[in-house]
Amino acid sequence: MDIRSQFPILEQQVYGHPLVYFDNAATTQKPLSVIETLRRYYTTINSNIHRGAHFLAAKATDEYEQTRRTVQHFIGARHSHEIVFTRGTTESINLVASSFGERYLGEGDEVVVSGMEHHSNIVPWQLACGRKGARLRVIPFGDDGVLDLEAFRSLLNEHTRIVAVTHVSNTLGTVNPVREIVDIAHSRGVPVLVDGAQAISHMAVDVQAIGCDFYCFSGHKMYGPMGVGVMYGREEILEELPPYQGGGEMIKDVSFEVTTYNELPFKFEAGTPSVGDVLGLDTAIGFMQDLGLDNIASHERELTEYATRRLMEVDGLRVYGTAPMKTSVLSFLIGSSHPYDVGTLLDKLGIAVRTGHHCTQPVMTRYGIPGTVRASFAIYNTKDEVDCLVNALQRIAPMLA
Ligand code: C6P
């Protein structure tokens, strides 16, 4: 398959230069097959699901539930009802923090997160802790961006109620040893949520092999549409949690005196979901499976190694995040220049990178920097594009001095 031809958005010029899209950790571009699924959904079967007694409703419901099974197999879940559709990682984590917090957190309890979490895996827990008089404990990491597992062990105690860690850091690219983290936490009887937002499109994920209790991710970072995400939760633990939101679909019976809740996964899917986007997610998973997750990983590894080597040719460039296990994220600064200046100059040369704190302000505080320039790669990126970035940086570096 000619991969780039599947992504017409990449063919355009920006400010007179061919677009180089290196902001894939923020969102990936969408292949034609996903765009076609959205078109087909809205032109042929658009309907509300689980409710109507008519042909379109049945068809939309079938495809929606088929996607749940696709996701189940994609991440190796035991049951399809362990897959809950949300709007994205942020909503998935808020769901868990809110429901789990409501059920299990109390005065003096502790929630362990890591120092490299996205704000989406900090703030929902802070809110939950605030409601219950619990507190956050933080796993530190070294200068290379590797979590300190000894410190993690020593943070666990009889007050720890849950551990919430990212599988891959969106800023440093570190792949965390989630299997080991789960083993350590489980040996103390503590459940684990893994934020998979930056892992899901870069490696094969098997939630049973990881052993985690929750795994959260977004469709739009894995070649799928915006507006859909997944919260995987182990059946036994989901059964015990109260609903997150109230509304249609999540109930069995409602009266003004008492309401009983629907079975899994519907208990956690109140209201009309983004059906077309869910179907687009099915197509996006098919796109990745056709390419092969291992092939995606090896292409991106080669590109990241190449880019890391070539970036070192730029005078004064420092990379943040040098863990031995990394995905295709490269955060850097040049001399004393501000990341926004670098990003703006690159943009004028057609190169899209992200600049700033990347919603990980504690990471920036850890390094004592205002932010970084971040280039992040996907399956359609090429070494020529990396060369283009390096040439551009060499061209602008004197302007930054
Ligand atoms: N990171 C980035 O540019 P949402 O916005 O819900 O799809 O994903 C939130 C989120 C949660 N965890 C991690 C590790 C993430 O990287 C993100 C999103 C984007 O790095 C946007 S800030």
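The values are calculated or read from the model by the stated rules, or taken from the named source; none is laboratory data. This one's a predicted model, so the numbers in the text were calculated from it and none came from an experiment. Because the Cβ atoms are built from the backbone with ideal geometry, glycine has one as well, and the counts that use them run over all protein chains shown. These accessible areas exclude ligands, DNA and RNA; they are computed on the full protein's heavy atoms, side chains included. Shrake-Rupley method; radii C 1.70, N 1.55, O 1.52, S 1.80 Å.
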Give me a count of the residues in segment 94-136 that are in contact with a His (Cβ under 9 Å, 6 or more places away or on another chain) and either within 30 Å of T61 (Cβ to Cβ) or more than 9 Å from the ligand (Cβ to nearest atom) (or both). 5
Please count how many residues of segment 346-377 are over 15 Å from Q198 (Cβ atoms) and open to solvent by 50 Å² or more (accessible area, probe 1.4 Å). 9
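Hey, can you tell me all the residues within segment 18-33 that are more than 16 Å from the ligand (Cβ to nearest atom) and either open to solvent by less than 60 Å² (accessible area, probe 1.4 Å) or among the hydrophobic types (A, V, I, L, M, F, W, C) (or both)?
Scanning segment 18-33 gives L19, V20, P31, L32, S33.
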List the residue pairs whose Cβ atoms are under 7 Å apart, where the first residue sits in segment 241-263 and is more than 17 Å from R51 (Cα to Cα), the second is open to solvent by 90 Å² or more (accessible area, probe 1.4 Å), and the two are 6 or more positions apart or on different chains. L241/R103; P242/E102; P242/R103; P243/Y261; T259/D253; T260/K252; T260/D253
Here is a check on your reading of the model: is F55 surrounded by 17 or more Cβ atoms within 10 Å (Cβ to Cβ), outside the structural domain of A375 (by TED's automatic domain parsing), at pLDDT 95 or above and among the aromatic types (F, W, Y)? no
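One line per residue, one yes/no per condition, for (1) farther than 21 Å from I251 by Cα; (2) assigned by TED's automatic domain parsing to the domain that holds D347; (3) at pLDDT 95 or above; (4) open to solvent by less than 10 Å² (accessible area, probe 1.4 Å):
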| site | (1), (2), (3), (4) |
| --- | --- |
| T44 | yes, no, yes, no |
| Y64 | no, no, yes, yes |
| R68 | no, no, yes, yes |
| I75 | yes, no, yes, yes |
| R78 | yes, no, yes, no |
Using the structure shown, decide if E91 is in contact with a Leu (Cβ under 6 Å, 6 or more places away or on another chain) and part of a helix (DSSP H, G or I). no
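Restricting to segment 247-260, what's the tally of residues that are in a loop (DSSP other than H, G, I, E, B) and surrounded by fewer than 10 Cβ atoms within 10 Å (Cβ to Cβ)?
4
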Result of the Cβ filter at 6 Å on segment 48-61, keeping first residues that are free of Cβ contacts under 8 Å to residues at least 40 places away in the same chain and partners that are among the polar types (S, T, N, Q), at least 6 apart or interchain, is L56/S47; A57/S47
For segment 160-190, name all the residues that are loosely packed, with under 15 Cβ neighbours inside 10 Å and either of a type in the set (F, W, Y) or assigned to a loop (DSSP other than H, G, I, E, B) (or both). R188, G189
Being surrounded by fewer than 24 Cβ atoms within 10 Å (Cβ to Cβ), within 20 Å of S120 (Cα to Cα) and modelled with pLDDT of 95 or more is the requirement here; does Y244 meet it? yes
What residue, among those in segment 300-327 that are assigned to a helix (DSSP H, G or I) and touching a Phe, Trp or Tyr at 6+ places or on another chain (Cβ under 9 Å), is nearest to T382 (Cα to Cα)? L303
For V230, are the conditions met, namely being away from the ligand (no atom under 16 Å from the Cβ), under 19 Å from the mean Cα position of the chain (by Cα), open to solvent by less than 10 Å² (accessible area, probe 1.4 Å) and not polar (S, T, N, Q)? no
Scan segment 367-380 for residues that are touching a residue at least 40 places away in the same chain (Cβ under 8 Å) and away from the ligand (no atom under 16 Å from the Cβ) and jot them down. Y367, I369, I379, Y380
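Yes/no matrix, rows are residues, columns are (1) free of Cβ contacts under 8 Å to residues at least 40 places away in the same chain; (2) of a type outside the set (A, V, I, L, M, F, W, C):
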| residue | (1), (2) |
| --- | --- |
| M312 | yes, no |
| T322 | no, yes |
| M325 | no, no |
| S331 | no, yes |
| D347 | no, yes |
| A352 | no, no |
| K383 | no, yes |
| V390 | no, no |
Might you let me know whether segment 325-332 holds any residue that is surrounded by fewer than 17 Cβ atoms within 10 Å (Cβ to Cβ) and at pLDDT 95 or above? yes
Within segment 191-227, of all residues that are near the ligand (Cβ under 10 Å from one of its atoms) and assigned to a helix (DSSP H, G or I), the one nearest to the chain's Cα centre (by Cα) is K221
